[in-house]
Amino acid sequence: MAAGAQAIDRLPLTRQAHHTLEDCLAEGDHVVDATAGNGHDTLFLARQVGATGHVWAFDIQAQALQATRARLEAEGLASRVTPVHSGHQHLAQYLPENLRGRIKAVMFNLGYLPGGDHDIVTHVRHTLAALEASLAWLHPDGMISLMMYRGHPGGQEEHAAIEAWLRERRDIVCDRTRERPFPSPVLKCLKRA
């Protein structure tokens, strides 16, 4: 393994996801943060798409969207993002129809909001619906970043259901997979086959 690849593999998985997406994103791209959380991924995406691109950031918790907005405003990037107070399973209802097949990246960071109510978590049926919708909107060269946390109640079940869904799909491939011992998270970066 090359020294550069080893250095990337030592990064936290969230940074590995960012590093992987950097290669497929450019100024002017349209992207989705399916789970805005505290805004770290949203900020990363807003930087990548530049002044002519756009980010749609979804979250079911107002607290998450407030934290995301504050992070973006501190960096002067709030105008690049549309916050959506809704679950990621509804993304097709909020994206402009002319972007179908043109979304360059969709980021998922599953589980609960760090610093928030740990009883509010992503649910597998919503996540699977969001993944299906993401594929319908994804650019042919786009990527889906999927960070799955397994250590909270329901996390292992969500991870297992997503893995089963992936095994059934012939139209997507895992471009990158990083899995650390349980209960650490799993990162998968998906592309069209």
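The values are calculated or read from the model by the stated rules, or taken from the named source; none is laboratory data. Predicted, not measured: the structure shown is a model, and the values here were computed from it. A quick note on method: Cβ atoms are made from the backbone with ideal geometry, for glycine too, and the neighbour counts reach across all protein chains shown. Accessible surface areas use protein heavy atoms only, side chains included; no ligands, DNA or RNA. Shrake-Rupley method; radii C 1.70, N 1.55, O 1.52, S 1.80 Å.
Solvent-accessible surface of protein heavy atoms, probed at 1.4 angstrom with all chains present, puts 189, 174, 24 in the order 174, 24, 189, largest first.
What net charge do the residues around residue 88 carry, taking every other residue with its C-beta under 12 Å from that of residue 88, with Lys and Arg at +1 and Asp and Glu at -1? Don't jump to the answer; show the numbers that get you there.
Values: positive: 125; negative: 33, 59, 132.
Residues near residue 88 contribute -2 overall.
Spatial offset of region 96-171 relative to region 67-87 amounts to 20 Å, using the alpha carbon center of each.
Could you sort 159, 139 by accessible area so the largest value comes first, with the probe set to 1.4 Å?
Working: 159 30, 139 50 Å².
Correct descending sequence by accessible area is 139, 159.
For residue 10 and residue 163 in one chain, what is 0.36 nm times their gap in residues minus the Cα-Cα distance, to one decimal in nm? Walk me through the intermediate numbers first.
Details: separation 153, 0.36 × 153 = 55.08 nm, distance 2.38 nm.
Residue separation times 0.36 nm, minus the Cα-Cα distance, leaves 52.7 nm.
Two decimals is fine: what's Rg over Rh for region 1-94, C-alpha atoms, Kirkwood radius as Rh? Mind dumping the intermediate values first?
Values: Rg = 14.0 Å, Rh = 13.8 Å.
Here Rg/Rh amounts to 1.02.
Stokes-Einstein diffusion of region 117-193 at 20 °C, 1.002 mPa s viscosity, Kirkwood radius from Cα pairs, rounded to a whole number: 164 µm²/s.
For region 84-131, which semi-axes, largest first and in whole Å, follow from the square roots of 5 times the eigenvalues of its Cα gyration tensor? Walk me through the numbers on the way to the answer.
Numbers: eigenvalues 110, 23, 21 Å².
Taking √(5λ) for each Cα gyration eigenvalue gives 23, 11, 10 Å.
For the chain, the alpha-carbon coordinates run over 39, 39, 33 Å along the three principal axes, in decreasing order.
Ordered from highest to lowest accessible area with the whole protein assembly present and a 1.4 Å probe, 122, 177 read as 177, 122. For a modelled paramagnetic label at residue 93, 7 Å from Cα along Cα-to-Cβ, the residues of region 27-70 in reach, with backbone nitrogen under 20 Å, are 32-37, 56-66.
Give me the number: length gained by fully extending residue 192 to residue 85, i.e. 0.36 nm times residue separation minus the C-alpha to C-alpha distance, one decimal in nm. Mind dumping the intermediate values first?
Values: separation 107, 0.36 × 107 = 38.52 nm, distance 2.83 nm.
Fully extending the segment from residue 192 to residue 85 adds 35.7 nm.
So if each residue of separation counts as 0.36 nm, and I subtract the Cα-Cα distance between residue 51 and residue 182, what length gain in nm does that give?
Values: separation 131, 0.36 × 131 = 47.16 nm, distance 3.97 nm.
Between residue 51 and residue 182, full extension yields an extra 43.2 nm.
A simple rule links phi to the HN-Hα coupling: the Karplus curve 6.51 cos²θ - 1.76 cosθ + 1.60 with θ = phi - 60°, which for region 109-125 gives 10, 7, x, 10, 6, x, x, x, 6, 6, 7, 9, 10, 5, 10, 4, 5 Hz, with x for Gly and Pro.
Can you pull the percent of region 23-141's accessible area that's carbon plus sulfur, 1.4 Å probe, other chains left in place? Carbon-and-sulfur percentage of accessible area, whole number: 49. Note that the chain presents 46 Å² accessible area per residue, ligands and nucleic acids not counted, probe 1.4 Å.
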